[in-house]
Amino acid sequence: MKARFLKAAAALAVGAMLATTALTPALAETLKFVSWQKDEKGVGDWWASVIAEFEKRHPEHKIEWTKVERAAYADTMTTLFAGGNPPDIVHLASFEFHSFADNGWLEDLTPWTEKSGLNLDGWSGQKACNWDGQVVCIMMLYYGAIFAYNEEMLASEGVAVPTNWDEFLAAARKLTKDTNGDGIPDQFGTGHETKGGAGQYLAEMASYLLDAGASYTNAEGEVTIDTPEMVEGLQRWKTVISENLSPRDLSAGDIRKLFADGRIAMRVDGPWLYSIMEQGAAKDKLKLAKVPFDPPLGGSSNVLAMPSEIDEEKKELVWEFISIATSDEFQSSFAKLAASTPPSPRADVSAAKAEIPHFDLLVEAQQAANKAGVDRIPVGLEIPFNEFSKMIQEEAQRMIIEDLDPAEVAKRMHEKAVALQ
Amino acid sequence: MRKRKLIDLARPSRQHWLGYILLAPAVILVAAIIAYPLLISIDISFQDVKLPRMGAARKPFTLENYQDLFSSPEFWHTCWVTLKLVVVVTTACLAVGLATALLVNNRFRGRRIARLAVALPWAVPEVIATVIFAWIFDSSFGLMGWLFIKLGLANQMVAWFSDTTAAFWVVATTMVWKGYPFVSIMCLAGLQSIPEDFYNAAKVDGASALQRLRWITIPSLMPVLGVTMVLVVLWVFRDFSIIKVLTDGGPLKATQTLSIMTYNEAFGFFKFGYASAVGVITLLLCVIASMAMLGRGSKAMY
């Protein structure tokens with residue numbers, strides 16, 4: 001009797017379970033989104049607004065947003081992909097996505113853009129996302145560099161805002177000084193990161209090289225380092241660093257802080273410098289102007305992508321997230337919240353212009369850099385970019401440490417770059 | 001008939017089984033954590049793998065990674081830097097650690113505070129200690145540069161991290177500061193286990209303080225020193241954070257050790273096969289060094 005009762009109860013339970021399963025709608029998904037920009041003022045707020053919009057449109061789904069520090073980002077993403085557990089929404093720096101794409105880990109977004117009708121014509125920096133005949137990512141920022149200076153320091157030395165390399169060098173020399181008389185320079189004409197990541201080291205050198213007319217490769221991807229223009233560019237870099245016109249051995253973060261606090265007179269940097277300036281001790285003395293180098297440094301910054309191996313249902317949701325981020329509405333709010341130039345040509349930046357006094361400068365720099373085809377990642381060296389940038393950093397350091405002739409250094413860089421290709 | 005137990009731990013011949021059974025879960029877990037990645041790493045080192053993938057089909061066997069490694073001047077330079085750092089840091093840690101242990105082993109007022117001060121660097125997290133040293137040796141605003149100028153040792157700020165020799169010594173100094181308290185604590189424990197009778201007998205025989213150190217303290221401490229030396233050598237071999245934060249192996253690879261090279265090749269240049277080969281060679285070197293030193297240390301005691 002007892003056994004029969006138990007059998008009946010079990011059958012009922014199984015039946016009820018099957019019935020409820022059949023009636024249940026699609027399971028709620030939690031999309032994993034890893035980013036280094038989570039707590040960044042401005043751009044972090046913008047990402048939060050995109051997530052909020054996604055969750056508003058899809059209340060049954062959630063986005064789990066995790067911050068990973070930039071210094072550990074490549075390691076973390078490599079480990080996640082290698083372990084077969086990539087984030088659903090892939091956020092990568094534009095100098096690191098190529099290896100992931102080359103391994104076939106990123107979805108070809110061409111069918112998705114075609115299906116949704118996302119028009120990428122005129123999308124700044126988007127060309128960099130074309131890999132092996134596929135569109136593997138969407139560029140989220142292509143910036144042009146701005147020139148920031150300490151008005152009080154320049155005025156006290158009777159220096160006008162520089163408009164070219166010669167004026168810049170003269171100003172930097174005049175503004176580097178010992179202000180408290182202890183024999184140790186404590187004010188610097190300019191500031192560059194000379195210690196740390198090779199990618200940033202290249203970005204620091206880039207303005208001098210571009211202004212001298214140099215480039216690492218041409219449009220066809222052929223190495224073009226051993227040229228008189230590159231020799232001139234390297235000579236300029238050597239002059240600035242060897243003459244201690246910049247503090248030595250500091251990270252870009254330290255340099256930005258010193259500039260914001262009034263220890264450095266001039267700095268060429270991306271749009272993000274403004275938010276750091278606003279928090280500095282010398283914020284009232286800091287002004288922005290057009291970069292005294294032509295063309296200005298510009299570059300792709302970060303991309304959104306989709307892993308190729310997640311299931312179709314998740315891919316639909318990830319594309320929905322990308323669609324929100326790339327919509328005209330959110331590209332317009334990007335300009336205002338992140339105080340940066342959005343890549344979309346359809347973004348309405350009037351609100352940003354009304355609120356951010358220097359926004360026109362940002363747009364002008366971005367357009368000038370884009371027109372000149374400037375990017376941090378040389379064509380033809382995308383895959384070995386980390387190795388290439390490390391090599392350039394070491395050779396440039398060797399030039400300064402061992403006081404080598406820039407012509408000799410350019411020749412060696414050229415040979416090594418060709419070997420890497 | 002009485003049924004026999006499958007495993008009768010009460011039997012005298014089986015009593016030691018209990019120990020093995022209790023240890024088994026931990027041993028299996030540790031083996032899984034250590035042995036599995038190790039085997040994977042060795043396996044990858046024999047394949048041409050750029051970015052690995054768990055569960056992906058195995059690539060053909062190749063010795064290319066090892067051939068490239070042994071023909072690479074960078075690898076031999078890195079080995080030389082690692083060896084220099086191991087010798088310098090281990091020697092300095094042992095000297096400073098032993099000296100401070102001997103000091104705080106004496107009875108004097110404030111001994112507890114002195115012992116605390118000696119052990120303090122050990123308690124400071126490695127990354128925090130490294131950041132502090134990075135600022136002390138900052139090339140533009142650092143205390144050390146200012147001190148050098150005030151003492152007349154330099155006429156301008158020293159670019160510590162832009163000079164290959166200076167950068168090496170900054171890394172070595174930081175490692176010694178962080179590593180000597182461990183030697184000190186180990187030696188202090190060893191010193192307290194030396195019977196006082198040895199010293200009393202030596203004093204009766206007229207042995208000087210130096211002779212007591214040479215013939216009683218050092219030989220009695222040799223087992224402790226041997227093990228400590230192995231642990232310090234292994235720590236220098238595998239330490240990553242101090243070099244990563246201070247110099248990232250630069251300038252011009254002057255501070256690039258095998259562990260930094262492994263990391264850079266794997267996560268910097270996405271060459272996991274090659275990086276695994278560097279890791280395997282590092283492991284072999286550590287095993288050889290440990291075996292050599294442990295044998296020597298254990299023979300040296302009375």
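Key figures
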{"item": "Between B and A, accessible area buried - total, square angstrom, nearest 100, 1.4 angstrom probe", "result": "2800 Å²"}
{"item": "Förster radius 41 Å - calculated FRET efficiency between B:L294 and B:L153, Cβ distance, rounded to 0.05", "result": "0.50"}
{"item": "Heavy atoms of B:W76: accessible area, 1.4 Å probe, square angstrom to 10", "result": "130 Å²"}
{"item": "Degrees separating the helix A:2-23 axis from the principal Cα axis of chain A, which is the longest one", "result": "50 degrees"}
{"item": "Highest-first arrangement of B:8-20, B:113-125, A:183-195, where packing means the average Cβ count within 10 Å", "result": "A:183-195, B:113-125, B:8-20"}
{"item": "Check: the protein assembly as shown dipole with +1 on Lys, Arg Cβ and -1 on Asp, Glu Cβ, in debye", "result": "4800 debye"}
{"item": "Per-residue average of Cβ from other chains inside 10 Å of B:216-223", "result": "0"}
{"item": "Inter-site label distance for A:D39 and A:Q421 at 7 Å from Cα along Cβ, in nm", "result": "4.3 nm"}
{"item": "Mean separation of Cα contacts under 8 Å, 6 or more apart, over the residue count of chain A: relative contact order %", "result": "23 percent"}
{"item": "Debye, to nearest 20: dipole size of chain B, +1 on Lys, Arg Cβ, -1 on Asp, Glu Cβ", "result": "1420 debye"}
{"item": "Computed P(r) (all Cα pairs; the range A:28-90; 10 Å bins; percent)", "result": "21, 48, 28, 3"}
{"item": "Estimated inter-spin distance, B:K203 and B:S72, nm [label 7 Å along Cα→Cβ]", "result": "5.9 nm"}
{"item": "Rounded if a/c under 1.5, otherwise prolate or oblate - the range A:221-308, Cα gyration tensor axes", "result": "oblate"}
{"item": "Fully extended contour minus Cα-Cα distance, from A:S242 to A:D348, at 0.36 nm per residue", "result": "33.7 nm"}
{"item": "Ratio Rg/Rh, restricted to chain A and using Cα atoms, in which Rh is the Kirkwood radius", "result": "1.08"}
{"item": "Cα shape, the protein assembly as shown, gyration tensor, a/c 1.5 rule", "result": "oblate"}
{"item": "R0 of 35 Å, Cβ-Cβ distance A:R57-A:K283: FRET efficiency to nearest 0.05", "result": "0.35"}
{"item": "Peptide B:50-61, shielding by other chains (average Cβ, 10 Å cutoff)", "result": "3"}
{"item": "Lys/Arg +1, Asp/Glu -1 at C-beta; the range B:71-299 dipole; positive extreme among B:I216, B:T130, B:L231", "result": "B:I216"}
{"item": "Mean separation of Cα contacts under 8 Å, 6 or more apart, over the residue count of the range B:71-299: relative contact order %", "result": "27 percent"}
{"item": "Positive-end extreme of charge dipole, the range A:258-321 - chosen from A:A305, A:P292, A:W272 (charges on Cβ)", "result": "A:P292"}
{"item": "Fraction of alpha-carbon pairs over 18 Å apart in the range A:196-255 - percent", "result": "39 percent"}
{"item": "Within straight-line cross-link reach of A:K67, aspartates and glutamates at Cα separation under 12 Å, skipping those fewer than 8 residues along the same chain", "result": "A:D39, A:E40"}
{"item": "Between 0 and 90°, nearest 10: helix A:385-401 axis offset from chain A longest Cα axis", "result": "20 degrees"}
{"item": "Shielding of A:247-255 by partner chains, average beta-carbon count, 10 Å", "result": "5"}
{"item": "Positive-pole candidate from B:N264, B:V176, B:N105, dipole of the range B:71-299, charges at beta carbon", "result": "B:N105"}
{"item": "Alpha-carbon radius of gyration plus Dmax, which is the widest Cα pair, for the range B:78-205 in Å", "result": "18.4, 58"}
{"item": "C-alpha center-to-center spacing [the range A:89-164, the range A:385-421] in angstrom", "result": "25 Å"}
{"item": "Cross-link pairs B:K178/B:K253; A:K62/B:K271; A:K411/B:K253; A:K41/B:K253 - those with Cα-Cα distance over 24 Å", "result": "A:K62/B:K271; A:K41/B:K253"}
{"item": "Gain upon complete extension [B:L22, B:I132; 0.36 nm per residue less C-alpha separation]", "result": "35.1 nm"}
{"item": "Probe 1.4 Å, all protein chains present, accessible-area order of B:H77, A:H91, A:H414, largest first", "result": "B:H77, A:H414, A:H91"}
{"item": "Unpartnered cysteines - no second Cys beta carbon under 4.7 Å - across the protein assembly as shown", "result": "B:C79, B:C93, B:C187, B:C286"}
{"item": "Pairwise centroid distance, computed over Cα atoms, of the range A:181-215 with the range B:23-37, Å", "result": "50 Å"}
{"item": "Spin-label model distance (nm) - A:D403 vs B:V124, 7 Å beyond Cα toward Cβ", "result": "3.6 nm"}
{"item": "Tail fraction, Cα-Cα pairs, chain B, threshold 30 Å, whole percent", "result": "52 percent"}
{"item": "Residue-normalised accessible area of the range B:71-299, expressed per residue, 1.4 Å probe, Å²", "result": "48 Å²"}
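The values are calculated or read from the model by the stated rules, or taken from the named source; none is laboratory data. In this text, all values refer to a predicted model and were calculated from it rather than measured experimentally. With ideal geometry, Cβ positions are generated from the backbone for all residues, glycine too; neighbour counts draw on all protein chains shown. The protein model used for the area step is the full one, side chains on, heavy atoms only, and it has no ligands, DNA or RNA in it. Shrake-Rupley method; radii C 1.70, N 1.55, O 1.52, S 1.80 Å.
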